[in-house]
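The structure appears right after this line, and notes come after that.
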Amino acid sequence: MFYRWNAHRSVPSLRRFLFATALMLTPCSVFSANMDSWFREYKQTASDQALYQLLWSLPKGGDLHHHLSGAGFSEWWYDIATQPERNGGYIYYTKTRLRQCRGYGTNEYGPNPQNLLFRTIQASTYAGLSDCEKQEYKLLSALDNVEKQAYFDSIRLDKAHEGRNEFFERHWQRLNELTNNPHVGAYILLKNMQAFADEGLQYLETQVNVDRSITPDGELMSPDDSLKIYTDMLASSAALETGVTVRFQYALLRFLPHAEKHLRWMYDFVDKHRDLYVGINMVGREDNDKGYPLRFLPVLRDLRRQYPAINLAIHAGEVDEPNQHVRDTLLLGAQRIGHGLNTITDPDTLLLMRHGPYLIEINLISNHLLDYTEDYASHPFPEYLRTNIPVALTTDDRGMWDSTLTDEYYVAVKEFNLSWQELTGLARQSLQHSFLAEDDKQAALSAYEQRLRQFAETLARDGDSSLPQAAPKRRFICNYQPTLCHQG
């Protein structure tokens with residue numbers, strides 16, 4: 001029988017030794033059943049702190065739904081943007097005043113809003129402003145403490161009234177030209193790799209676009225020159241030390257007027273860089289009907305006549321109303337569905353997805369903070385999970401939620417009472433449905449199983465001393481479960 005252990009009681013050394021020895025000799029099926037039994041009791045007896053620390057330390061598979069430009073925490077953006085020696089020599093200014101200047105850039109709405117505080121531009125753009133407009137901006141590195149805190153808060157959802165409009169129409173527009181600097185992007189990627197390694201992730205599949213990068217002088221950089229900045233970073237000792245395997249997707253903003261033309265260019269670029277790029281992802285607000293899935297069926301069929309297969313992971317079902325966008329997305333050739341929230345309203349597609357081969361990338365925190373679900377109880381994730389539709393927990397734009405992958409796991413366990421088998425199955429499915437080459441995929445799965453078993457053996461042998469005593473916590477989880485961030 002699995003020995004009962006919790007965070008408030010250490011296992012006697014002899015029994016702990018005998019249990020660990022037995023665990024090493026246990027067949028996989030019995031091992032899983034034993035862990036299920038243990039975890040069921042553990043959830044009932046452990047404190048919130050102990051449960052979070054366990055989930056932080058738990059080996060995790062991959063994060064498959066990851067927008068790199070939305071995955072930087074506020075302090076990361078500021079850190080790299082204010083250090084030219086690290087960001088490629090760029091200088092940045094951010095808007096701290098509104099003077100209602102006339103002339104250049106007086107539009108209030110659209111993709112380039114001028115009446116938006118903390119909209120960030122690089123020095124070459126600042127040099128082209130009128131004297132009036134220059135008075136609206138301040139050197140980013142010269143912000144005082146109050147301004148710096150306001151800058152941090154401006155690019156994350158930190159207030160109850162903020163939701164999808166703030167996210168889609170303000171956050172990206174504030175980051176603005178920071179996202180056109182591949183040095184900044186490469187640094188944000190490195191910081192993600194380091195942070196993910198700390199919480200046990202082994203694979204990251206992130207969205208990286210390189211066709212709109214600009215130099216410090218404001219000139220367009222070639223995609224290959226931009227990509228080299230990323231590959232140089234991935235080859236650095238700092239990146240290699242994380243042990244996190246990284247692959248890229250190219251992201252298509254689906255509702256733009258010339259999206260089909262851009263998709264053709266992407267196909268060619270991804271085909272030429274298959275060593276790093278493993279797929280294409282269609283992104284963007286689904287409540288903008290100009291990006292409806294079947295718009296792209298003719299061009300995809302044409303591209304499939306010209307190129308060997310390229311993987312597709314497409315956002316679908318991230319809307320409030322029922323529709324058949326998920327079914328239409330499968331018709332486009334998608335192997336993975338991002339969000340898939342309203343799949344539950346389409347019974348035929350729901351049946352089609354049972355037992356695979358398609359996976360739904362689940363974003364519990366994103367869906368709730370953007371008001372696609374009223375609360376976690378209304379999320380269809382447990383219905384998908386427990387009717388054998390492949391699912392994996394992912395972080396989406398974690399920098400803007402100020403959250404971690406552990407936070408997604410913690411919410412799932414607390415809200416849906418996940419078993420050990422379900423919890424670890426999420427990691428397995430993230431690797432099984434990754435776009436890694438088949439040999440790499442099998443190696444990743446083997447590595448995961450080895451890490452998981454070693455984790456369980458260490459836990460059985462050393463008890464609570466094997467867990468970190470203060471797992472790092474971000475703003476989201478402190479708001480979700482305040483007891484996690486207040487000791488005593």
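On inspection, Asn209 does not qualify as at pLDDT below 95 and polar (S, T, N, Q).
Restricting to helices (runs of 4 or more DSSP H) lying wholly in the stretch 354-466: which have 2 or more residues that are more than 30 Å from Trp77 (Cα to Cα)?
On the way: elements: 364-369, 381-385, 398-401, 405-416, 420-432, 438-462.
Fully inside the stretch 354-466 and qualifying: 381-385, 405-416, 420-432, 438-462.
Of everything listed in (1) modelled with pLDDT under 95; (2) surrounded by fewer than 16 Cβ atoms within 10 Å (Cβ to Cβ), the single unmet condition for Gln49 is (2). The set of residues in the stretch 141-191 that are basic (Lys, Arg), more than 18 Å from Tyr230 (Cβ to Cβ) and crowded, with 16+ Cβ neighbours inside 10 Å comprises Lys148, Arg156, Arg164, Arg170, Arg174. Only one of the numbered conditions (1) closer than 17 Å to Arg119 by Cα; (2) under 19 Å from the mean Cα position of the chain (by Cα); (3) not assigned by TED's automatic domain parsing to the domain that holds Thr404 is violated by Arg164, and that is (1).
For the stretch 298-318, indicate whether the set of residues that are of a type in the set (Asp, Glu) and outside any helix (DSSP H, G or I) is non-empty. Taking every residue of the stretch 298-318 in turn, at least one turns out to be of a type in the set (Asp, Glu) and outside any helix (DSSP H, G or I). Counting residues in the stretch 304-327 that are farther than 30 Å from Thr179 by Cβ and among the aliphatic types (A, V, I, L, M) gives zero. Please verify whether the stretch 266-278 includes one or more residues that are in contact with a helix residue (DSSP H, G or I) (Cβ under 6 Å, 6 or more places away or on another chain), within 19 Å of His65 (Cα to Cα) and of a type in the set (A, V, I, L, M). Within the stretch 266-278 (the criterion being in contact with a helix residue (DSSP H, G or I) (Cβ under 6 Å, 6 or more places away or on another chain), within 19 Å of His65 (Cα to Cα) and of a type in the set (A, V, I, L, M)), the answer is no, since none of the residues qualifies. Restricting the stretch 220-238 to residues that are over 9 Å from Val210 (Cβ atoms) and of a type in the set (A, V, I, L, M, F, W, C), which is surrounded by the most Cβ atoms within 10 Å (Cβ to Cβ)? Filtering first and then ranking leaves Met233. Of everything in the stretch 239-280 that's among the polar types (S, T, N, Q) and assigned to a strand (DSSP E or B), which residue is surrounded by the fewest Cβ atoms within 10 Å (Cβ to Cβ)? Here the residue is Thr245.
Cβ-Cβ contacts under 6 Å between residues 6 or more apart (or on different chains), taken from a first residue in the stretch 308-319 that is touching a residue at least 24 places away in the same chain (Cβ under 8 Å) to a second residue that is of a type in the set (Asp, Glu), are listed as Glu318/Glu286; Val319/Glu286; Val319/Asp287.
Output the residue which, of all residues in the stretch 185-221 that are assigned to a strand (DSSP E or B) and β-branched (Val, Ile, Thr), is nearest to the chain's Cα centre (by Cα).
So, considering only residues that are assigned to a strand (DSSP E or B) and β-branched (Val, Ile, Thr), the one nearest to the chain's Cα centre (by Cα) is Thr206.
When we screen Ala412, Ala392, Ala377, Ala437 for residues that are within 26 Å of Ser37 (Cα to Cα) and either modelled with pLDDT under 95 or surrounded by fewer than 18 Cβ atoms within 10 Å (Cβ to Cβ) (or both), the only hit is Ala377. Looking across Asp320, Asp287, Asp275, one residue alone is acidic (Asp, Glu) and more than 21 Å from Thr349 (Cβ to Cβ). It is Asp275. Being under 23 Å from Arg327 (Cα atoms), in contact (Cβ under 8 Å) with a residue 40 or more places away in the chain and among the hydroxyl-bearing types (Ser, Thr, Tyr) is a property that holds for Ser434. Just to check your reading of the model, which residue among Leu452, Leu484 is within 26 Å of His355 (Cβ to Cβ) and out of contact with any Leu (no Cβ under 7 Å at 6 or more places or on another chain)? Going through Leu452, Leu484 in turn, the sole match is Leu452.
Specify the residue that is farthest from Val208 (Cα to Cα); the eligible residues are those in the stretch 252-302 that are touching a residue at least 40 places away in the same chain (Cβ under 8 Å) and among the charged types (D, E, K, R). Step by step, filter the stretch 252-302, then rank; the result is Arg295. Going through the stretch 281-297 one residue at a time, which ones are within 30 Å of Ile229 (Cβ to Cβ), modelled with pLDDT under 95 and assigned to a helix (DSSP H, G or I)? Across the stretch 281-297, the qualifying residue is only Gly291.
Apart from one condition, Thr483 fits all of (1) closer than 23 Å to Gln249 by Cβ; (2) β-branched (Val, Ile, Thr); (3) outside the structural domain of Gly200 (by TED's automatic domain parsing); the exception is (1).
None of Thr349, Thr329 is within 26 Å of Phe168 (Cα to Cα), assigned by TED's automatic domain parsing to the domain that holds His258 and either without any contact (Cβ under 8 Å) to a residue 60 or more places away in the chain or surrounded by fewer than 17 Cβ atoms within 10 Å (Cβ to Cβ) (or both) except Thr329. Scanning the stretch 355-412 for residues being in contact (Cβ under 8 Å) with a residue 60 or more places away in the chain and acidic (Asp, Glu) gives a total of 6.
The values are calculated or read from the model by the stated rules, or taken from the named source; none is laboratory data. What you see is a predicted model; the values in this text were computed from it and never measured. In this analysis, Cβ positions are derived from the backbone assuming ideal geometry, glycine residues included, and neighbour counts consider all displayed protein chains.
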